[in-house]
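Notes for the one structure printed next.
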Amino acid sequence: MSISNILYDGEQFKLLDTKRIVYAITCVFAFLATEIGRYVYRPYIYEHNINDFGLADSVGNWGGIVVQIFLGLAILNSKRRKAFRLITFFVLGYIIYEFMQPTLPKGTFDWMDVYGTIFGGFVSMLLYVLINKLIKKDKIIYQFN
């Protein structure tokens, strides 16, 4: 069984369609939101001693996973079942990486990062479902050979 059978279809990979463009745009906006979270939200929360239940601490995880997932969707252009596999693959990969952190130089394990990853994966799944509900007709813009 090849990776294409698990995460994407070869024919779908060759299409530039509306959903693929929306996935790429979502990736860019998620990246910008994550960076705003790191450099604006997190310092504000710390400076004012606000209890945000660890969201500021794990913004890199819950924002970063959304970026990674939508980058993957934009690159692979996976259909529904394989897109859910892709989302699961990224979430589990981030969680495994977090558990491996103590064995890496300067790595530390943090439960909030695990929770942030799960939260970001859930948000990604909701965004994916919303995008697919809003785009009923997926117009093919270009087909690569």
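Here are the numbers:
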{"quantity": "Residue count, the stretch 79-94 (criterion: farther than 17 Å from LEU126 by Cβ and either within 10 Å of the chain's Cα centre (by Cα) or buried (at least 18 other Cβ atoms within 10 Å of the Cβ) (or both))", "calculated": "2"}
{"quantity": "Single match in ILE131, ILE135 (criterion: touching a helix residue (DSSP H, G or I) at 6+ places or on another chain (Cβ under 6 Å), surrounded by 12 or more Cβ atoms within 10 Å (Cβ to Cβ) and either among the acidic types (Asp, Glu) or modelled with pLDDT of 95 or more (or both))", "calculated": "ILE131"}
{"quantity": "Given (1) more than 18 Å from THR26 (Cβ to Cβ); (2) outside any loop (DSSP other than H, G, I, E, B); (3) touching a Phe, Trp or Tyr at 6+ places or on another chain (Cβ under 7 Å), number of the condition GLY120 does not satisfy", "calculated": "(1)"}
{"quantity": "In the stretch 99-118, residue farthest from ALA56 (Cα to Cα) [restricted to those that are crowded, with 20+ Cβ neighbours inside 10 Å and free of Cβ contacts under 8 Å to residues at least 60 places away in the same chain]", "calculated": "THR117"}
{"quantity": "Test: PHE53 is assigned to a loop (DSSP other than H, G, I, E, B) and of a type in the set (Phe, Trp, Tyr)", "calculated": "yes"}
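The values are calculated or read from the model by the stated rules, or taken from the named source; none is laboratory data. Please read all numbers here as calculations on a predicted model, not as lab measurements. Virtual Cβ from ideal backbone geometry, glycine too; neighbours counted across all protein chains shown.
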